[in-house]
Amino acid sequence: MSPDGHSAHVLGQLASQLEYGFLCDCTVSVGRVRFRAHRAVLAACSAYFHRLFVHRPEGRDLRLSSSLVTAQDFDLILQLMYTGSVCRRP
């Protein structure tokens, strides 16, 4: 398997795990909306989450201010993290 094929496979598996909540080890709340996620994916894709988990390794329930990011925008960010692309919904 090529490195690109391997990367696509791993990303696909993580996205599938997210869809079913399998091995998700944290919840990110934005306002009243809760998102399940894998801390490893968040930390790998975001310097913010990386620093957060370094300083709070036990962090499992995170809250983001809805004045900084909307739930709709965070959903798009997660899409990008897990699929490498964004599909904006109408």
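The values are calculated or read from the model by the stated rules, or taken from the named source; none is laboratory data. Please read all numbers here as calculations on a predicted model, not as lab measurements. Virtual Cβ from ideal backbone geometry, glycine too; neighbours counted across all protein chains shown. Heads up: the accessible areas ignore ligands, DNA and RNA and are worked out on the full protein's heavy atoms, side chains in. Shrake-Rupley method; radii C 1.70, N 1.55, O 1.52, S 1.80 Å.
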In segment 70-81, what residues are of a type in the set (Val, Ile, Thr) and exposed (fewer than 15 other Cβ atoms within 10 Å of the Cβ)? 70
Could you list all residues from segment 30-45 that are touching a residue at least 12 places away in the same chain (Cβ under 8 Å) and open to solvent by less than 60 Å² (accessible area, probe 1.4 Å)? 30, 31, 35, 37, 38, 39, 41, 42
For segment 14-29, how many residues are more than 13 Å from residue 40 (Cα to Cα) and exposed (fewer than 13 other Cβ atoms within 10 Å of the Cβ)? 5
Pairs only if they're at least six apart or on different chains, beta carbon under 8 angstrom, first in segment 65-89 and over 22 Å from residue 11 (Cα atoms), second at pLDDT below 95 and open to solvent by less than 60 Å² (accessible area, probe 1.4 Å); list them, first residue then second. 66/31; 70/31; 71/31
Within segment 2-13, take every residue that is loosely packed, with under 11 Cβ neighbours inside 10 Å and either of a type in the set (Gly, Ala, Ser) or touching a strand residue (DSSP E or B) at 6+ places or on another chain (Cβ under 9 Å) (or both) and give me the one that is farthest from residue 44 (Cα to Cα). 2
If we ask which residues in segment 46-63 are open to solvent by 30 Å² or more (accessible area, probe 1.4 Å), under 14 Å from the mean Cα position of the chain (by Cα) and within 17 Å of residue 24 (Cβ to Cβ), their number turns out to be 4
What is the one condition in (1) open to solvent by less than 60 Å² (accessible area, probe 1.4 Å); (2) small (Gly, Ala, Ser); (3) modelled with pLDDT of 90 or more that residue 84 does not satisfy? (3)
